[in-house]
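Mind having a look at this structure? Questions to follow.
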Amino acid sequence: QGLKPLAPTASPDPIFGTSKPAPGLPATDPLLNPNKVPDLQKIFQRSDGLPVHLKRGYPDRMLYRTTMALTIGGTIYCLIALYIASQPKNQ
């Protein structure tokens with residue numbers, strides 16, 4: 001007898017490869033944002049000597065500094081914890 005397919009074998013229309021909106025969506029849906037990729041490509045491909053993770057300015061610098069502070073603080077905390085754990089207990 002064999003296995004019967006659970007879903008129909010016809011594939012649905014592709015929605016990602018087309019430039020037209022899906023049939024159920026209006027052309028000016030307020031939830032659809034404009035494409036920002038070309039603008040971001042201009043920012044990230046600019047040759048100004050900054051690394052990629054700092055190209056967008058102040059928010060990127062703050063996130064980078066916070067991450068570095070937490071990393072260094074965590075490393076110091078782990079080293080202190082290892083030092084305390086390595087000391088014998090006085091009885």
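The values are calculated or read from the model by the stated rules, or taken from the named source; none is laboratory data. Predicted model, so just to flag it, every value in this text is computed and none were measured. So basically every Cβ, Gly included, is an ideal-geometry build from the backbone, and we count neighbours across all protein chains shown. Quick note on the areas: whole protein, heavy atoms, side chains included, nothing else; ligands and nucleic acids left out. Shrake-Rupley method; radii C 1.70, N 1.55, O 1.52, S 1.80 Å.
When both residues are 6+ apart or on different chains and their Cβ atoms are under 9 Å apart, which pairs have a first residue that lies in segment 36-53 and is free of Cβ contacts under 8 Å to residues at least 12 places away in the same chain, and a second that is outside any loop (DSSP other than H, G, I, E, B) and open to solvent by 90 Å² or more (accessible area, probe 1.4 Å)?
Qualifying pairs under 9 Å: Phe44/Val52; His53/Leu63; His53/Tyr64.
Let me ask you something else. Across segment 26-56, which residue is farthest from Thr66 (Cα to Cα) among those that are at pLDDT below 85 and open to solvent by less than 80 Å² (accessible area, probe 1.4 Å)?
Pro26
Kindly establish whether Arg65 is part of a helix (DSSP H, G or I), of a type outside the set (S, T, N, Q) and open to solvent by 90 Å² or more (accessible area, probe 1.4 Å).
yes
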